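Read through the structure below, which is laid out as structure tokens, and then see the notes.
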Amino acid sequence: MSPDPLPRLRELCLALPETTEKISHGEPTWFVRKAFVVYSDHHHGDPRTAFWCAAPPGAQEALVAARPQVYFRPPYVGHRGWLGVNLDALGTGELDWAEIAEVVTDAYREVAPKKLIALLDAR
């Protein structure tokens, strides 16, 4: 895997309008009123370094089916359509930061108020 992905993930999340970071359930979590990305560094014995995020309807099923080495249904929130992203795939060439940025932005759009989405779109 690439060097520690947390600083880069943090940078992507905090670049979005009115995002804050807090520790939730022992892991860094990014909020825009509600959580939209949760970092998961071997959470509850999971062998992956990953993050879990809100996802547009149908995205979880489609991405997990197409690329199960990168995407997965995370525990606790997967039943709500959240998506797991395996950051260990960065070191394999199966995932890059541009794709992660898209997934993070999509997650933000799922929970952000319309006025903040409009602010994001105006950039």
Quick check on this structure: which one of Ala66, Ala50 is over 21 Å from Leu12 (Cα atoms) and out of contact with any Pro (no Cβ under 7 Å at 6 or more places or on another chain)? Ala66
Among (1) assigned to a strand (DSSP E or B); (2) touching a residue at least 60 places away in the same chain (Cβ under 8 Å); (3) loosely packed, with under 15 Cβ neighbours inside 10 Å, there is one condition Leu119 misses while meeting the rest; what is its number? (1)
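Return the residue satisfying two criteria in turn: it lies in region 77-96 and is part of a loop (DSSP other than H, G, I, E, B) and charged (D, E, K, R), and of such residues it is modelled with the lowest pLDDT. Spell out the reasoning first.
Within region 77-96, the first condition is being part of a loop (DSSP other than H, G, I, E, B), and the residues that meet it are 77, 81-82, 93-96.
Checking which are charged (D, E, K, R) leaves us with 94, 96.
Values: Glu94: 93, Asp96: 96.
Here the answer is Glu94.
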Glu99 being among the acidic types (Asp, Glu), modelled with pLDDT of 95 or more and under 12 Å from the mean Cα position of the chain (by Cα): yes
Residue among Leu16, Leu95, Leu90 that is over 24 Å from Leu119 (Cβ atoms), touching a residue at least 40 places away in the same chain (Cβ under 8 Å) and of a type in the set (A, V, I, L, M): Leu90
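The values are calculated or read from the model by the stated rules, or taken from the named source; none is laboratory data. Please read all numbers here as calculations on a predicted model, not as lab measurements. Here Cβ is always computed from backbone atoms with ideal geometry, including for glycine, and neighbour counts include all displayed protein chains.
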